[in-house]
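Asker: Just passing along the structure, written as structure tokens.
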Amino acid sequence: MIQEGEEALLAGDLDKANWVLDSLIFLDPARSSELWQRGLCLYYSHRYEEGMAQFERNMDTNGSDPEEVLWHFFCKSRLMGFEEARRDGFLKLRSRTDSEVVVPMSQVLDLFHGKGSVDEVIRVATSVTPDNIIESYNGANALGYAHFYVGFYYQLQGLVGPAYPHFKRAAKIGNKDYMGRLMSIHFKTFRKTLCQDLTLIEGGGTGEIMYGGWQLSSGHDLTQGSGFDTVTILSKLLEAIDNGVRVFDCGDIYTGVELLYGRLIEAHAGRGGRREDIKIHTKLVPDLDVIKRGGVNESYVRGVIRRSLNRLKSLYVDLVQLHWWEWSSPGVMDALHVLGSLQKEGIVRKIGLTNFNAEQTKEIIEGTEIRINSIQVQLSVIDQRPIKSGLVTLCNENNVKIFAYGVLAGGFLTDQWIGKPKPSNFSNRSLVKYQLIIDDFGSWDLFQDLLSVLHSVALSHSPLTVQATPDDVIQIDHVTVAMVAIAYVLRLPEVGGVILGTLNMSHLRESLLAKHLVLSDKDLSDIDHVLNKGHGPGGVVYGLERDREGRHGSIMKYNLNQLNSPAHFEEICNRFIEVYFSAYPVEATRTGYCPFIKASPNIKLQMPSPFLMKDAYAYHSIKCLSYGHLLNISSEDQVASYIDRVRALLIEIESISEDNLSLDQIIDRKLIISQLNLELVKWSEVAMHERDPAIYMPFDALNYLLPTWGGDSSCEKGREDAVYYPGTLSPSIHYRLSALLSRLRQIPICLQNGVKNLKKPIHLLTQRALKLCDSFSHFLRVDLPSLVEQMSTAHSSLLLDIARAAKVASDAVVHYKSLLATDVLPRSSDSYASLGRPVYDKLLAFGHFISDSSALLKSGEEHFSLVKKQLRELADEIDSDRNWYQITEDIIRSLHPSAKNLLQSYLDEIARAKTHVKEHRLVPDLPADERVVGFYTPSFLVPFSPFGDFLNPPPFSSYATSPLQNKPDLVTGYLMLHSVAGRSLSPPEEEKLLRSHDYTWISVIAPHECYPGHHLQILFSQTHPRIMRRFYESPYFYEGWGLYCEQLAFETGFFNKGLEIRDKTEESEARRESKKIPNSRYEKLARLTQLRLQLWRAARVILDIKLHRNEMTLEDVRLFLLQEILFDSRSVDGEVNMYISRPTYAPCYIAGYLELMDLRERRRKEYEEEKRDFDLSLFHSEVLQSGCLPFPLLHELLSVRNKH
């Protein structure tokens, strides 16, 4: 595996290299101190803290190697800076002193310690000859090592230019050993980045090219949109970084842009980049209405900045630039002082201004101690107001940088407008704005004269030769008008950067090279000759735009900030879901949440090789946006980061008052606040990641990406009618395979995190996890490779990688099991199973809006007694000589289908339930084209599902494929049932399994799961116009609705049917006649089954609450299930596991059922008071169309609606 990791690193596949070496650490911890290769991989992956730890471990077995010291220092230097790292000190060589290290490494160490020189390092390395080679480090490659580490010496200090020739020389000298190859790869692979830094540092001008986000705003386009999807835009922004852009400008009022830049930060980090690689400049633009009423106070400013940070998913913003619509309204200084406080707190790094004139800027500089770093203003060859009005001079005197926008006049100052007529229709707001500037400049004809002169200047500089690096010359055949316009502004020393917005990378590269274009005096004279014929725009900076009645001001929008408004709330709804799924990406896969990835067979998610190929931009963009490649969070750092994001969002949403929100928004606000609080309790107080070893075996993460055919024997390679889990992200096989590979590679580190996290392992759950390890390992080793081959044969390299990753994952699970058995199980305890009443009550309050567990317990106990009484009475009616349990065992369970007809029996009853719903009009209308499809559970799923499953249509996905046609399908439910036939069972074993599928059970299940149960309820919820109602699924409503539908089936006569068993064809006619069950008797038998299941659900209320309130022990719970519910002893632990691993879920069934029955009765009485006939169908409609809400919120919603 070491060689595999080495080769992956040299190929630039850091994902694979990290996976291999991290997995090896987990599988064989004893080898940890030998893996210097892992240290290198961690360094190049920017995992510097882990890299330091690795090199420290390496010193245990390789303490005499100076390279361990150096690479440890490299990691430390990246974390804290070169000088601080040097002051912090170096690792000490264990076996010999620094003076005993052979050349040139002794001199290299002196250099980094500050005691030597570069010249000395190179001199002694050059002196190595065949005669003294044995005294040198690595023999003939001593000079290569010298140049390599001198390169790092410069690079770590930010001196990229001096580093470049040394890296190049090391690559040229390097021999064929591993470090020699690394020197070559280091230079070739990262040369592009080095060249970008050289271009920035050694360019002709002092200003920087900054990326402008205004054109990415949803408010910018005046047509139907830019035509670019989010993946494409994000890919372009990543490419912009690799072309040398380091600063990205945006504003709090640029709709969607801060969110986009937040995803850019994530995508860049996903490819090993660092947050500090990117500078984000945003703005604080208070609404005009808020300014006028004096509302820009500390709370307001902090609220805006908090929202920006949450959008950016960042702990800080590099620059905040204040804009103020109306100077005559006070508050500017107060706003700046709040920004100053935020700067001291480290939230805002620098403070700037936007669109202030010279007089205003001077007053601010003189009136506050806040350091003003920059001012962003409109400045171009046709708009020189900052120069003429004295702002540039003021900035020069006060060391304030000017960031210029409008440099290309929205695209007018480009070659494409030469000789064109004046436009009359505009595709975006920039063109509208800058056409007015051109009008103020003079006329369209004069503007054409200017373009002609700029074009002539461009031709005079063509071709342009740029010395990008010491030995790299770039020749630009055709200098453009845009390059001349940029150079014209950058010639001013006060200009710290120009802000340009384009998704055309060739244009961006030209712009980056424009700083090398030096305009001559003749060029400037020719340009001025035309400019002198113009007459504007005149006045002070932004003076025309401040006239809200004027041509410029009248086209602007002044209240786009909308802090704490309904629009702000709607944004939070979407951001909340993103935050939630960042912790549970597997759940995002299940629900189909992937709003940025289009349903296309061309979607790919495969790491290109070598690293930094162009395809990598789309790869990292899709990874960032899709969630499909991730496992749920498991490390302590991930958990801490998630908790921080939850807290930040909670503060933001709590600042939004209900006063201005609609009723639906008020309901959703309560849902989000409750869910965020619930997450804090789950991760900070319940902490199942510290208690349950099973959560680190992510079977569902893989299952949701795999096909599920209608029976193993029918699987054919490449089959089109494969059933994929409904919520899967895309129909693209390539996408699924690539996401599968990524998730497989994360399993070893996930398991390793589990071992670290399990501080309070629960004994019963640990025993369950030990059993699950065997099934999961077998699935990874045997089932998964077979399933993947059935998905496709056209992706051979991917299939090989998946098979290899599955094998490593399987080995990791085996090792995990051994650690559970030897370390975790001995210290596990069932005393950790109980949460205690305070935590349990918090879960009830935040998860279900239930404030009193005692009241819930009382209702459960009362219903348990009631159902127990009903069962006794009904048993007497059926057979006075038997109790309900005996009737179940002796009569009911003997009435079951044959193994051959098992699935069809379910489907027939489901079809009857659907007809029953229509005939009795239990809901107004069934959704069009909805259906339920059934198939037998594939064998690989059987160990992970005790009975089968019902897969609901996903709430978000438009990518689910139906079993028979490859098209979007949001209305199909899937019944997955374990097969009994064909399992090599003895007749008694088969009969035992079939007895659990008796006809009355099927009659109860059909309305519970399908019609009008979960299937219909989910269909109604997912068509709700509000995203929170599609996301939120109250367990109390969901499970309560299923139980309510069982009762509804009884009340409306669904159980009143005859039964004739016809599937035992080998029996005589007389025998078949004896199996006929009349309607009235069957109804009673089905009702008995329904009540028996209700008794079990009522017991769950009692047991779950009392267990977690420490009023019952686990043994008490077991005895209750055995004695009161008459559970099979082999089923008890599975039931108890539910109470432990999902606290507060077990009471949902009965509690929700009772709430629905109570709600129905109240609505019935309201109808009677209004002298109207109660409409059951209408009642169901208003309940279902409200979403799957907690009952207090459902009551609130229906109460207000009914009043109106």
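Asker: Counting only DSSP beta bridges with both residues in the chain, what percent are antiparallel, rounded to the nearest 5?
Answerer: Numbers: 15 of 53 bridges.
If we restrict to bridges inside the chain, about 30 percent are antiparallel.
Asker: Follow-up question, since we're still on this one. Taking other Cβ within 10 Å of each residue's Cβ, how do 147, 1195, 1014 sort, fewest first? Provide the component values of the computation, followed by the final result.
Answerer: Working: 147 24, 1195 16, 1014 20.
Ordered from fewest to most neighbouring Cβ atoms within 10 Å, 147, 1195, 1014 come out as 1195, 1014, 147.
Asker: With charges set only on the Cβ (+1 for Lys and Arg, -1 for Asp and Glu), what does the dipole of the chain come to about its Cα centre, in debye to the nearest 20?
Answerer: Magnitude of the dipole: close to 340 debye.
Asker: Something else: Sorted from fewest to most neighbouring beta carbons within 10 Å, what does the list 572, 25 look like?
Answerer: Values: 572 21, 25 18.
Arranged by neighbour count, lowest to highest, 572, 25 become 25, 572.
Asker: Now for a different question. Would you mind checking the tilt of helix 257-270 against the longest principal axis of the Cα atoms of the chain, expressed as 0 to 90 degrees and rounded to 10?
Answerer: 90 degrees
Asker: Which whole-number percent gives the relative contact order of the range 208-555, counting Cα pairs below 8 Å spaced six or more residues apart? Mind showing how you got there, number by number?
Answerer: Details: 571 pairs, mean separation 64.4, N = 348.
This gives 18 percent for the range 208-555.
Asker: Summing +1 for each Lys or Arg and -1 for each Asp or Glu, what net charge is found among the other residues whose Cβ lies under 13 Å from the Cβ of residue 975?
Answerer: Overall, the nearby charge balance is -2.
Asker: Go through 416, 116, 77 and say which Cα lies farthest out towards the positive end of the charge dipole of the chain; charges sit on Cβ, +1 for Lys and Arg, -1 for Asp and Glu.
Answerer: 416
Asker: Among the lysines, select those whose C-alpha is under 28 Å from the C-alpha of residue 869, and discard any that sit fewer than 8 residues away in the same chain.
Answerer: Here the lysines satisfying the reach criterion relative to residue 869 are 858, 1057, 1084, 1106, 1165.
Asker: Where q = 0.04, 0.06, 0.09 Å⁻¹, what log10 of I(q)/I(0) comes from the Debye formula for the chain, counting one point per Cα?
Answerer: The calculated log intensity ratios at q = 0.04, 0.06, 0.09 Å⁻¹ are -0.28, -0.62, -1.22.
Asker: Among 350-359, 908-917, 857-866, how do they line up by average Cβ neighbours within 10 Å per residue, starting with the highest?
Answerer: Numbers: 350-359: 21.2, 908-917: 19.6, 857-866: 17.0.
Per-residue Cβ counts within 10 Å, averaged per peptide and sorted highest first, yield 350-359, 908-917, 857-866.
Asker: Determine by what factor the alpha-carbon radius of gyration of the range 449-560 differs from 2.2 N^0.38 Å, reporting the quotient. Walk me through the intermediate numbers first.
Answerer: On the way: Rg = 17.3 Å, N = 112, 2.2 N^0.38 = 13.2 Å.
Here the answer is 1.31, to two decimals.
Asker: Pairing the Cα long axis of helix 48-62 with the longest principal axis of the chain, what angle in degrees results, from 0 to 90 and rounded to the nearest 10?
Answerer: With rounding to tens, the tilt is 90 degrees.
Asker: Further question on the same structure: If neighbour count is taken as other Cβ atoms inside 10 Å, put 839, 20, 867 in order from fewest to most.
Answerer: Numbers: 839 18, 20 27, 867 21.
So the ranking, lowest neighbour count to highest, is 839, 867, 20.
Asker: Just add up the charged neighbours of residue 324: K/R +1, D/E -1, any other residue whose Cβ is under 13 Å from the Cβ of residue 324. Could the numbers behind the result be given before it?
Answerer: Details: positive: 283, 292, 546; negative: 287, 326, 334, 363, 545.
That sum, taken over residues with Cβ under 13 Å, equals -2.
Asker: Order these peptides, 46-57, 651-662, 115-126, by their mean beta-carbon neighbour count within 10 angstrom, highest first.
Answerer: By packing density, highest mean first, the sequence is 46-57, 115-126, 651-662.
Asker: Would you be so kind as to identify which of 273, 934, 1055 lies farthest towards the positive end of the dipole of the chain, taking Lys and Arg as +1 and Asp and Glu as -1 on Cβ and the Cα centre as origin?
Answerer: 934
Asker: Same structure again: Taking the dipole about the Cα centre of the range 793-947, with the C-beta of Lys and Arg at +1 and of Asp and Glu at -1, give me whichever of 945, 911, 867 is farthest to the positive side.
Answerer: My answer, from the dipole projection, is 945.
Asker: Hey, another quick one. Based on Cα positions only, what radius of gyration and what Dmax would you give for the range 269-356, in angstroms?
Answerer: 13.8, 48
Asker: Next up: If one takes the longest principal axis of the Cα atoms in the chain, at what angle in degrees, from 0 to 90 and to the nearest 10, does the Cα axis of helix 796-819 lie?
Answerer: 70 degrees
Asker: For the range 208-555, build the convex hull from the C-alpha positions and give me its volume per residue in Å³.
Answerer: Values: hull volume 50.2 nm³, N = 348.
Each residue corresponds to 144 Å³ of Cα convex hull volume.
Asker: On to the next question. Place the peptides 1171-1177, 321-327 in order of packing, highest mean first, counting for every residue the other Cβ atoms within 10 Å and averaging per peptide.
Answerer: Values: 1171-1177: 11.9, 321-327: 20.3.
My ranking of the peptides, most packed first, is 321-327, 1171-1177.
Values in this text are rule-based calculations from the coordinates and carry no lab data. Note that this is a predicted model, so its numbers are computed, not measured. Heads up, the Cβs are rebuilt from the backbone with ideal geometry, glycines too, and the neighbour counts pull from every protein chain shown.
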